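The values are calculated or read from the model by the stated rules, or taken from the named source; none is laboratory data. This structure is a prediction, so every number in the text was calculated from the model and none was measured. Glycine gets a Cβ as well: all are built from the backbone with ideal geometry, and neighbour counts include every protein chain shown. Note: accessible area is taken over every heavy atom of the protein model, side chains too, but ligands, DNA and RNA are not part of it. Shrake-Rupley method; radii C 1.70, N 1.55, O 1.52, S 1.80 Å.
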Amino acid sequence: MSLRLRPSAVLLAACITMPSLARAQSKGLDDSDIMRLKSVGGVAMAPDGARVLYAISAWEHPNAKGDTALGDRHERRSHVFMVSAAGGAPRQLTFGERGESQAQWSPDGRMISFVTARGTGTGDDAPKPQVWLLPADGGESRQLTTARDGVSSYVWSPDGSRIAIVTTDSLTREQEAKLRRRDDPKVYEDDFRLNHIWVVDVASGKATKVTSGAYTVSGAPNWSPDGKKLGFRASPTPMIRDERGNAYVVDVASLALDAITTTNDAESAPQFSPDGKTLAFTMLPHEMAPHKDGIMPRTLRNARVVTFDLATRAITNHARADFDVSPGALRWSPDGKQLWFTASDRVWNSLYAYDLAGKSYSKRTKDVLVQGLSPNSDGSKLAMVLDTPDMPSEVYVQNGSAAPTRVTTTNAWLSERTLGASRVITWKSKDGREVEGVLLLPVGYREGARVPLVVSAHGGPTGAHTNGFKAGTSPGQTYAARGWAVFYPNPRGSTGYGEWWMHANTGDWGGGDYRDIMTGVDDLIKRGIADSTRMAFEGWSYGGYMTSWVVSQTGRFKAAMMGAGLPSLLSMAGTTDIPGYINTFFGDPQYDGSIVNANIRKYLERSGISYSSNVTTPLLILHGGNDERVPIGQPMEFYRALKDRGKTTELVFYPREGHGFTEYYHQMDRMKREYEWMARFTLGNTVKTAM
C-alpha cells in the first residue's frame with residue numbers, strides 16, 4: 001500500500017532505466033538550440049496510476065508572419081499533456097493561446113483541472129487566470145472560477161465536490177477607477193493587496209470566501225480528509241523581505257480560524273495526515289531580533305520537520321543531528337506512516353522519507369535531480385520528473401520497488417547533437433576543507449588536452465550548482481560545443497552541504513568562498529584540463545557579486561561578465577527588496593553618526609567597487625531594467641567607477657526585465673553577447689555574435 005520507500009528498496013540511481021540518446025552527429029548545441037528546448041514539469045499521477053499529466057513549456061510564435069522586423073514576438077507558454085504510465089505516445093490536452101498550467105486530477109480521476117487565462121483583451125482588460133475543467137476521457141473544457149483578480153493556486157476537496165482557490169482581494173470600484181485613469185500614487189511598503197482563500201462548488205460554480213483579515217495566504221491550502229477544514233500558511237504582508245509566517249486551520253462552514261503557530265516561523269502550509277489527526281509542516285525558528293518594524297533578518301538554518309497533534313495541540317520537532325539538509329514540499333504517504341519530501345543534496349536533489357514510528361530519515365534516491373513527484377492514491381506508483389546531465393527533464397514512473405522508467409521523450413532531436421561530458425569533482429581549499437563542484441568538458445574532449453575555461457559562480461549564496469542538463473542561457477553545452485570547459489563550483493555558503501557550510505561565508509563574502517573557487521581553478525590547471533592563459537569568469541546575482549569581487553582581486557581572468565551583480569553592498573542593503581538577507585550576512589548598516597564605523601567599514605571592504613582601480617579584466621555588465629532584487633544603481637555605480645578610470649567595460653540594460661530574463665530576444669542576446677565578449681578577450685576572437 002505504500003510507495004515501497006523501505007530500506008530494502010533499490011536506490012533509484014543504481015537502476016534508473018534511461019535509454020541514452022544515440023549521438024548520430026558530432027554537432028554540439030548552439031544558441032538557437034537552447035531556445036528550441038522544451039521544459040517538462042508539473043507532473044500529476046492519476047489516482048488509479050494509469051496515466052500521468054504533465055506540462056511542457058516552450059517558446060511559441062503566435063503571430064508569426066515571417067518577418068520579425070515587423071514586430072513579431074515569441075511567447076513562452078506551457079500546455080498540458082497526458083501520457084500512459086506504461087509509456088507510449090503522449091497526447092496534448094490543451095492548446096490555449098495564453099497557455100495552461102497547474103494540471104490536477106479530480107479525486108475520482110474523471111476530471112482534469114488546470115489554470116488558464118482565456119478570452120480577449122489586453123492590459124487592464126486582459127483575461128485573468130481561472131480554473132478550468134476538462135473530462136479526462138475527452139470533451140469540451142469549461143470555466144469553473146470567475147475570480148476577479150484570477151487564481152494563483154488551488155486544490156480539490158477529498159470528495160471532489162469543491163475546489164479551494166487562492167486569489168487576491170479585489171479593489172473597490174473607486175480604487176479600480178482610479179487605477180484605470182492612472183491616478184495611482186504608490187506608498188512604498190504599504191497599501192498591500194492580500195491573498196485569501198475561497199471555496200468554489202464544482203457543480204454550481206458558487207464561490208464562498210473562507211479567510212479574511214490582516215494576513216496574506218501563501219501557496220496552496222490543504223484539505224482535511226473529511227473536507228471540513230483547510231490548512232494554510234499566511235504572512236502579515238506580501239513583501240518578499242517579510243520572513244514571518246504562521247500555520248493556520250480554518251473551518252470551512254463556520255469560518256472559525258485556528259492559529260496553529262504564533263511564533264512567525266512556519267515555513268510551509270500544514271498538511272493533514274490521512275486520518276485527519278495530525279498536521280505536518282516545516283518550521284525555521286528565527287535567530288535574529290526583529291527590526292523596529294517587526295521584520296527580522298533571515299535565519300540561515302535547515303528547516304525542521306514538525307508535526308502538530310490536533311487533539312493535544314502538541315508540536316513535535318523531528319529534527320535530528322544526523323540529518324543535515326533542508327526539507328521541502330512535505331507530503332504524507334497514503335498509509336500515514338511516513339512523510340515524503342525532496343531536498344537539495346550536494347549537486348543533486350534527492351527524495352527522502354521520514355519514518356514517524358522509527359523517527360529516522362532515509363534517502364531514497366542517489367545521484368539524480370528529482371524536480372517533481374506525485375503518487376497515485378495508494379502509493380503503489382510514483383510519477384516524477386528527473387533531470388540528468390545528458391537529458392533535460394522528463395517524466396518517469398516507478399512501480400513499487402522497480403526501477404523508475406522514462407515514459408516521455410520531449411526533445412528527441414537531441415539525438416542529432418553531441419554533448420560535453422559532465423563530472424562531479426572535489427578539491428581541497430586553502431584551509432584543507434573539501435569543496436565540490438561540477439565540471440562540464442568540451443564536446444569530444446581528449447584526456448590531457450588543455451582547453452579554455454569559463455568559471456560560473458551560482459546565485460544565492462544560499463544556492464548550489466547541480467549536476468543536471470547544462471543548457472540554460474548561462475554557460476553550458478553551448479560553450480562545450482565551442483571547445484570550452486565550464487566549471488561550476490559550490491563554495492562555502494552553498495546549500496545542500498549542511499548548516500555549517502551554508503553559514504560559512506556569513507560576514508565573509510569574498511573571503512573563504514573566493515578562496516574555495518580559486519583553489520578549484522588551480523586544481524583544474526593542475527589536472528591538465530584548464531589552460532591558465534585562457535580563462536574567463538561569470539555569474540548572476542550573488543554570482544555577479546562574486547564576479548565583481550574576482551575582477552577586483554585578481555587579473556588572472558582574461559574576460560568576465562557580471563549579471564545582475566551587486567558590487568556596492570552598502571547601497572544594495574538600502575535599496576534591494578530583500579534587505580534582511582544582506583543583513584543576515586553583514587548586519588544592519590550602523591548609521592549612528594560615526595560615518596565609517598566597523599560595520600560600515602565591513603560593507604565597504606567586501607564590495608568590489610571599493611577596488612575599482614585594481615580591475616584589469618574586461619568586464620561586460622548585463623542587467624534587467626526593472627530589477628528590484630538588485631536595483632539598477634548597482635551596475636551603474638560600478639560602470640561609472642570603471643569607466644572613469646579607463647577600464648574596459650560595457651553596460652547593457654534589458655527593458656522590462658527583472659532579476660531574471662523572461663523575453664525571447666533578451667535571452668538570445670544575453671547568450672550571444674556574453675560569448676562574443678568572452679571569446680574576444682580570452683581567445684582573441686573578434687567574430688560578432690551579439691544581436
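What the table below lists for this structure:
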read-out	value
Label point at Lys359 placed 7 Å out along Cα→Cβ; residues across region 291-311 whose backbone nitrogen lies under 19 Å	304-310
GluC sites (Glu not before Pro) within region 212-304, DSSP loop, no more than 14 other Cβ atoms inside 10 Å	Glu287
Convex hull per residue volume in Å³, alpha carbons only, for region 424-514	106
Relative contact order of region 291-388, defined on C-alpha pairs under 8 angstrom at six or more residues apart (%)	15
Kirkwood-based shape ratio for region 102-189, expressed as Rg/Rh from alpha carbons	1.09
Formal net charge of residues neighbouring Glu60 (Cβ-Cβ distance under 10 Å; K, R +1; D, E -1)	+1
Debye intensity ratio in log₁₀ form over the Cα atoms of region 193-277, taken at each q of 0.15, 0.17, 0.18 Å⁻¹	-0.54, -0.68, -0.76
Relative compactness, region 569-691, computed as alpha-carbon Rg over 2.2 N^0.38 Å	1.23
Chymotrypsin sites (Phe, Trp or Tyr not before Pro) within region 565-596: DSSP coil, no more than 10 neighbouring Cβ in 10 Å	none
Hypothetical label at Asp335: residues of region 355-393 whose amide nitrogen lies under 20 Å (7 Å Cα-Cβ projection)	355-365, 374-383
Descending principal axes extents, region 153-204, alpha-carbon based, whole Å	46, 24, 11
Accessible area expressed per residue, the chain, with surrounding protein chains retained (probe 1.4 Å, Å²)	42
Relative contact order computed over region 395-510 (Cα-Cα under 8 Å; 6+ residues apart), in percent	23
Quotient of Cα Rg and 2.2 N^0.38 Å for the chain, N being how many residues it contains	0.97
Accessible area (Å², 1.4 Å probe, nearest 10) - Ser377	80
Helical segments meeting 20 Å axial Cα length and Kyte-Doolittle -0.5 threshold in the chain (DSSP H)	512-526
DSSP-loop trypsin sites (Lys or Arg not before Pro) across region 449-542, with at most 14 other Cβ within 10 angstrom	Arg527
Estimated FRET transfer efficiency (Thr208, Asn597; beta-carbon r; R0 35 Å; 0.05)	0.05
Gain in span if fully extended, Ala403 to Asp275, counting 0.36 nm per residue against the direct Cα distance	43.1 nm
Rounded percent of accessible protein surface that carbon and sulfur make up, the chain, 1.4 Å probe	49
Estimated translational D of region 276-407 in µm²/s (Stokes, Kirkwood radius over Cα pairs; 4 °C; 1.567 mPa s)	78
Entries in Lys128/Lys178; Lys228/Lys366; Lys128/Lys292; Lys27/Lys672; Lys363/Lys526 that, when Cα-Cα distance is taken, lie over 29 Å	Lys228/Lys366; Lys128/Lys292; Lys363/Lys526
Contour excess over end-to-end distance, with Cα ends at Arg313 and Tyr445 and 0.36 nm allotted per residue	41.5 nm
Percent RCO, i.e. relative contact order, over the chain, from Cα pairs under 8 Å lying at least 6 residues apart	11
